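I have placed the structure first, in the form of structure tokens, so that the comments after it can refer back to it.
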Amino acid sequence: MSPQTTEAKPTPETKPTAGRTRVYEEEEKIFSTQPGKTTRAKDILTVLVTALPIAGAMGTFFVWTATNFYVGDVEVQTSRPYNTITIKVFDSKGSEATFHTPKFQLMPGNYHLVINADSYSPQHADTNVAFHAKTKVQVEMPSDLERAEAEAEPVKVGKKRFWQFWRKD
């Protein structure tokens, strides 16, 4: 008996009533699932919903790996010991980074360094950082004699005029 009808199937002995003929389909045909448009769309969306987060996670991992491991080492070596050091790094695009240690990592490329150690005059250097390579930058710091001569030069103060009462002699 088919679940779609409440009547018994006609047998050759029984005749349909009131001139209507009923068409009965086989049960296998009624319950078979043939892929339709909605089933196909649902399958495609299921694959997309599963694949997009996986692709996003893989992309995030790739970017994280590239930014953490696609670097080169830079080491600044001075001719004398120092107490404090400040290194400003400029790239070709003009972005700036400041480091307070002589060893740091940068992405590969060409850089301009401004090195200031112990409040001496800043030293300039250009360097090329290569991937997974150590770049050493040599800096010549002024000797104690040169520093003493620079500090010994008196600063010339202009003549004090009567209306410049705030100036000290």
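The values are calculated or read from the model by the stated rules, or taken from the named source; none is laboratory data. Remember, predicted model here, so these are calculated numbers, not experimental data. Heads up, the Cβs are rebuilt from the backbone with ideal geometry, glycines too, and the neighbour counts pull from every protein chain shown.
Based on this model, can you work out whether residue 60 counts as surrounded by fewer than 11 Cβ atoms within 10 Å (Cβ to Cβ) and modelled with pLDDT of 95 or more?
Criteria met by residue 60.
The lone criterion from (1) polar (S, T, N, Q); (2) in a loop (DSSP other than H, G, I, E, B); (3) modelled with pLDDT under 90 left unmet by residue 68 is number (2).
Note on the stretch 86-103: among residues that are surrounded by 10 or more Cβ atoms within 10 Å (Cβ to Cβ) and either basic (Lys, Arg) or in contact with a helix residue (DSSP H, G or I) (Cβ under 6 Å, 6 or more places away or on another chain) (or both), the one that is nearest to residue 126 (Cα to Cα) is 88. Pairs under 9 Å by beta carbon, first residue outside the structural domain of residue 107 (by TED's automatic domain parsing) in the stretch 37-64, partner not in a helix (DSSP H, G or I), six or more apart or different chains? From residues that are outside the structural domain of residue 107 (by TED's automatic domain parsing), the pairs are 39/33; 43/35. Against the numbered list (1) assigned to a strand (DSSP E or B); (2) within 19 Å of residue 140 (Cα to Cα), residue 90 comes up short only at (2).
Here's the yes/no breakdown for (1) among the hydroxyl-bearing types (Ser, Thr, Tyr); (2) more than 28 Å from the chain's Cα centre (by Cα); (3) modelled with pLDDT under 90:
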residue	(1), (2), (3)
26	no, yes, yes
39	yes, yes, yes
50	yes, no, no
72	no, no, no
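The residues of the stretch 71-87 that are of a type in the set (Gly, Ala, Ser) and in a strand (DSSP E or B) amount to a single one, 72.
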